[in-house]
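Colleague: Let me begin by handing over the structure; questions about it come next.
The values are calculated or read from the model by the stated rules, or taken from the named source; none is laboratory data. If you're wondering where the values come from, they're calculated on a predicted model, not measured in any experiment. Quick reminder, even Gly has a Cβ in these numbers, built from the backbone with ideal geometry, and neighbours come from all protein chains shown.
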């Protein structure tokens, strides 16, 4: 038993003296946090006065952006309208008289085909980018053709 205690003690002392037991300095002591303003002043110390003014104006615009609410980016590719949007636009345009239920059924398909025919679009019963470009204007308010 004494043999195992001696081996464990030797391992602990060995790791302590080899540096594994040492604590590292906290991150705050190693580097000081920097603000946008301090970064701006550090980067402008070696520049001309005209360059300094440009950097300062950029820093002030960053402050303005930081306080404003950013809107999400639109999805990439062509916009794909929902069934509710399609039915609402068709109803506002006067081609659909059913309930706006968010389901593309036979009545909605027939209304899409009639709309495409009246607007000289390819009649396929599907709301693709070209059909939606024309139909979208009816989404906000009723406009009878």
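Colleague: Just a yes or no: is a residue in region 56-65 crowded, with 16+ Cβ neighbours inside 10 Å, over 26 Å from the mean Cα position of the chain (by Cα) and either at pLDDT 95 or above or part of a helix (DSSP H, G or I) (or both)?
Modeller: Scanning region 56-65 turns up no residue that is crowded, with 16+ Cβ neighbours inside 10 Å, over 26 Å from the mean Cα position of the chain (by Cα) and either at pLDDT 95 or above or part of a helix (DSSP H, G or I) (or both).
Colleague: Scan region 121-145 residue by residue and report those that are in contact with a helix residue (DSSP H, G or I) (Cβ under 8 Å, 6 or more places away or on another chain), at pLDDT 90 or above and part of a loop (DSSP other than H, G, I, E, B).
Modeller: Result: 121, 122, 123, 124, 125, 126, 127.
Conditions (1) loosely packed, with under 13 Cβ neighbours inside 10 Å; (2) modelled with pLDDT of 95 or more; (3) farther than 15 Å from residue 138 by Cα; (4) out of contact with any strand residue (DSSP E or B) (no Cβ under 7 Å at 6 or more places or on another chain), marked per residue:
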position: 72; (1), (2), (3), (4): yes, no, yes, yes
position: 77; (1), (2), (3), (4): yes, no, yes, yes
position: 86; (1), (2), (3), (4): no, no, no, yes
position: 95; (1), (2), (3), (4): no, no, no, yes
position: 98; (1), (2), (3), (4): no, no, yes, yes
position: 103; (1), (2), (3), (4): yes, no, yes, yes
position: 119; (1), (2), (3), (4): no, no, no, yes
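Colleague: If a residue has to be under 12 Å from residue 134 (Cα atoms) and loosely packed, with under 14 Cβ neighbours inside 10 Å to count, how many in region 105-116 make the cut?
Modeller: From region 105-116, those under 12 Å from residue 134 (Cα atoms) are 112, 115-116; that's our starting set.
From what is left, the residues that are loosely packed, with under 14 Cβ neighbours inside 10 Å are none.
Adding up the residues that qualify gives 0.
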